[in-house]
Amino acid sequence: MARTNSNMIPLGSEAIDFYLYDTVSESKVNFKKIKGTVGTIILFICNHCPYVVHINPILIKISSKYKKLGVSTIAISSNDVDKYPEDGPLKMKKHAKENKYDFPYLFDETQEIARIYDAACTPDIYLYDSNNLLVYRGQIDDSRPGNNEPLTGEDLIHAIDCLIKKVKNTKIQKPSIGCNIKWKD
């Protein structure tokens, strides 16, 4: 497990459509059909990463609150399940149920979507507007496992609030930090 920063891709980058297996609904879904009317949070996560486990409680609160306001959350796991079977689709479904995810948890078996989005770590967080343009990428907040900073979600919440209010987010966007995505050989 290598501590890795997210790649800070350029703001204004366009979300790329995808068609992936949703382990929650047990069906294939595409971005265009599950994106939000106001905005969409795309998260690259996995089941076992301590950084993801750490943010799960606030992530679920953020998703629940903003879903009602037209901001959808989509989680994607891209880890190599041959080397990390705990991140496979059946365990993803179980993980989503145990954590009460109210959003799709998609399996990126080929890792193509993680590569297209230039995802590097778990969690890797992106926020897109209604035109599918990137308005935020980075951390959920300053909290990390063991650093004693409170888990508030303030960075992501601020970005979502700016999006909803249609004001520019002038706050410095800091990279997310987490476990590296487990790439296939």
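Before moving on, here are some points about what is shown:
- Couplings 3J(HN,Hα) for region 73-79, derived from phi with the Karplus relation 6.51 cos²θ - 1.76 cosθ + 1.60 (θ = phi - 60°), are 10, 10, 9, 10, 10, 10, 5 Hz, where x marks Gly and Pro.
- Taking Cβ atoms as reference points and 14 Å as the exclusive limit, the residues near Pro150 contribute a net charge of -3, counting Lys and Arg as +1 and Asp and Glu as -1.
- Summing charges over neighbours of Tyr21, with a neighbour being any other residue whose Cβ is under 10 Å away from its Cβ, gives -3 when K and R count +1 and D and E count -1.
- The residues packed around Val38, meaning those with a beta-carbon under 13 Å from its beta-carbon, carry a net charge of +4 if Lys and Arg are +1 and Asp and Glu are -1.
- The distance separating the Cα centre of region 137-170 from that of region 47-115 comes to 18 Å.
- Considering only beta bridges that DSSP places wholly inside region 3-180, some 70 percent are antiparallel.
- Under the membrane-span-like helix rule (DSSP H runs whose alpha carbons stretch at least 18 Å along the helix axis, mean Kyte-Doolittle hydropathy -1.0 or higher), the chain yields 50-67.
- Filter on Lys32/Lys93; Lys65/Lys93; Lys68/Lys166; Lys35/Lys68; Lys33/Lys68 - keep pairs with C-alpha separation over 19 Å: Lys32/Lys93; Lys65/Lys93
- Derived scalar couplings between HN and Hα for region 20-33 equal 10, 6, 8, 6, 6, 8, 6, 8, 7, 9, 10, 3, 4, 8 Hz in order, rounded to whole Hz, by the Karplus curve 6.51 cos²θ - 1.76 cosθ + 1.60 (θ = phi - 60°), x for Gly and Pro.
- For the chain, taking a cut-off of 4.7 Å between Cβ atoms, the unpaired cysteines are Cys46, Cys121, Cys162.
Bear in mind these aren't lab numbers, they're just calculated from the coordinates by the rules spelled out. Keep in mind the model is a prediction, meaning the values are calculated, not measured. Methodologically, a virtual Cβ is constructed for each residue, glycine included, from the backbone with ideal geometry; neighbour enumeration extends over all protein chains shown.
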